[in-house]
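Worksheet for the structure shown next.
The values are calculated or read from the model by the stated rules, or taken from the named source; none is laboratory data. Because the structure is a prediction, the values reported are computed rather than measured. Cβ sites come from the backbone with ideal geometry, for glycine too, and all protein chains shown count toward neighbours. Ligands, DNA and RNA are stripped out before the accessible areas are found, and what is left, the full protein with its side chains, is counted by its heavy atoms. Shrake-Rupley method; radii C 1.70, N 1.55, O 1.52, S 1.80 Å.
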Amino acid sequence: MKVAVLFPGQGSQYAGMADPWADHPSGRAALDRASGILGWDVVERSRDPQSLELTEVVQPAVFACDVAAYAVLAAEGMTADVAAGHSLGEYAALVASGAVEMEPGLAALAARADAMGKASRDAPGAMTALLGLSPEEAHEVCAIAGRGDVLAVANENSSRQTVLSGSVSAIEKAEELARTRGAKAIRLNVAGAFHSPLMEPALPMVREALSKVQFHQPAFPIVPNVTARPTQQPLELRDLLSRHLVSPVRWDATLKAMDGLGATVFIEAGPGDVLSKLAKRAVPGALVIAAGSPERVREAVEGIAARAE
């Protein structure tokens, strides 16, 4: 039985998301370590809804919760056979696998968040999820609504959910067009047009930060957002991480790649259950668990043990 661990990204946050992990010794240790690196208290800042609206705060905070969740999983006797992270969650996957040490990994993520926050303020944008369209139909909506403007496919989440990212005007046109085609459009709770050309000004700072990070061979395969192909090659992981800020998150293909590796258990480690819902659709029959608290982690461990009998 192979276990795939999924690390959520921005959009999964909620006020108080760090509190469950702070009640477990291993989770608290990870949160304290992250707070020491960042110079601010992750648990306290995660309780403040206004702070969580800031890219510079929410990205490191979600990362810290993801890493804390995996620390609890490991403490309870569960480790990954393969892992992936959705957008910023890829940083947590790399740390969990040992490909990147926590201090430089979090420092690089904090630089990414700062750069993305500045890019978002300099060129405001938005993201919207189109529900009920195939990826091909979503790409067509993107091509039409984005003419003469900035619009891109940001996340290929499932066969019926694609996220677009771009200028506010282009997003509004895309939402209107999608609705005329019978789809639902849901504006995402993010501060900018991530994974779109509007993030290109952030790339130099992100690449400079990553140039200071040493990458090691991970203990298990990572499925990067850019390619959705499993790898354990440090240089490839570094290169793909430097590109993924302006590349689509190929999440549906990522889940199918994990299925292809033989994963039959999918555990979402961190806040929310968005990735769990996507995994249930992508890999029918798999055991899927949103481990959003130490209690849910223990239930996951028990459920996996029962399934293995």
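Suppose we filter Glu299, Glu295, Glu200, Glu268 for residues that are of a type in the set (D, E, K, R), over 14 Å from Glu90 (Cβ atoms) and not in a helix (DSSP H, G or I); which single one remains?
Numbers: Glu299 fails: not in a helix (DSSP H, G or I); Glu295 fails: not in a helix (DSSP H, G or I); Glu200 fails: not in a helix (DSSP H, G or I).
Testing whether each residue is of a type in the set (D, E, K, R), over 14 Å from Glu90 (Cβ atoms) and not in a helix (DSSP H, G or I) leaves just Glu268.
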Filter result (among the small types (Gly, Ala, Ser) and buried (at least 18 other Cβ atoms within 10 Å of the Cβ)) within segment 135-157: Ala138, Ala145, Gly146, Ala152, Ala154
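Inspect segment 20-29 for any residue being open to solvent by 60 Å² or more (accessible area, probe 1.4 Å), within 27 Å of Arg238 (Cα to Cα) and out of contact with any helix residue (DSSP H, G or I) (no Cβ under 7 Å at 6 or more places or on another chain) and give the result as yes or no. Quick ask: steps written out before the conclusion?
Step one: of segment 20-29, the residues open to solvent by 60 Å² or more (accessible area, probe 1.4 Å) are 23, 25, 28.
From what's left, within 27 Å of Arg238 (Cα to Cα): none.
The answer is no, given that none of the residues of segment 20-29 is open to solvent by 60 Å² or more (accessible area, probe 1.4 Å), within 27 Å of Arg238 (Cα to Cα) and out of contact with any helix residue (DSSP H, G or I) (no Cβ under 7 Å at 6 or more places or on another chain).
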Of the numbered conditions (1) without any contact (Cβ under 8 Å) to a residue 60 or more places away in the chain; (2) touching a helix residue (DSSP H, G or I) at 6+ places or on another chain (Cβ under 7 Å); (3) assigned to a helix (DSSP H, G or I), Glu175 satisfies every one except a single condition; which is it? (2)
In segment 110-119, anything surrounded by 23 or more Cβ atoms within 10 Å (Cβ to Cβ) and either on the phi > 0 side of the Ramachandran plot or of a type outside the set (D, E, K, R) (or both) is listed as Ala113, Ala115, Met116, Ala119
Looking only at residues that are free of Cβ contacts under 8 Å to residues at least 24 places away in the same chain and more than 17 Å from Gly98 (Cα to Cα) in segment 205-237, which one is surrounded by the fewest Cβ atoms within 10 Å (Cβ to Cβ)? Ser211
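Does Pro271 satisfy the criteria of being in contact with a Leu (Cβ under 6 Å, 6 or more places away or on another chain), within 19 Å of Asp66 (Cβ to Cβ) and modelled with pLDDT of 95 or more?
Numbers: in contact with a Leu (Cβ under 6 Å, 6 or more places away or on another chain): no; within 19 Å of Asp66 (Cβ to Cβ): yes; modelled with pLDDT of 95 or more: yes.
Answer is no for this residue.
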For residues that are in a helix (DSSP H, G or I) and closer than 14 Å to Ala154 by Cα, tally how many sit in segment 115-135. 1
Can you run down the residue pairs with Cβ atoms below 7 Å, 6 or more apart or on separate chains, where the first is in segment 8-32 and more than 22 Å from Lys277 (Cβ to Cβ) and the partner is of a type in the set (Phe, Trp, Tyr) and surrounded by fewer than 24 Cβ atoms within 10 Å (Cβ to Cβ)? none
Assigned to a helix (DSSP H, G or I), modelled with pLDDT of 95 or more and of a type outside the set (Ser, Thr, Tyr) - does that describe any residue in segment 79-90? yes
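May I ask you to verify whether Ala202 is open to solvent by less than 80 Å² (accessible area, probe 1.4 Å) and under 20 Å from the mean Cα position of the chain (by Cα)?
Working: open to solvent by less than 80 Å² (accessible area, probe 1.4 Å): yes; under 20 Å from the mean Cα position of the chain (by Cα): yes.
Criteria met by Ala202.
Taking the criterion of being free of Cβ contacts under 8 Å to residues at least 40 places away in the same chain and part of a strand (DSSP E or B), would at least one residue in segment 183-196 satisfy it?
no
Inside segment 186-228, can you point out the residues that are within 17 Å of Pro104 (Cβ to Cβ) and not hydrophobic (A, V, I, L, M, F, W, C)? Can you show your working first?
Filtering segment 186-228 down to residues within 17 Å of Pro104 (Cβ to Cβ) leaves 205-218, 222.
Scanning segment 186-228 gives Arg207, Glu208, Ser211, Lys212, Gln214, His216, Gln217, Pro218.
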Criterion first (in contact with a Lys or Arg (Cβ under 8 Å, 6 or more places away or on another chain) and not small (Gly, Ala, Ser)) does Val153 satisfy it? no
Residue check, Arg307 surrounded by fewer than 19 Cβ atoms within 10 Å (Cβ to Cβ), in a helix (DSSP H, G or I) and in contact (Cβ under 8 Å) with a residue 60 or more places away in the chain: yes
Selection count where residues are under 15 Å from Ala219 (Cα atoms) and charged (D, E, K, R), scope segment 91-106: 1
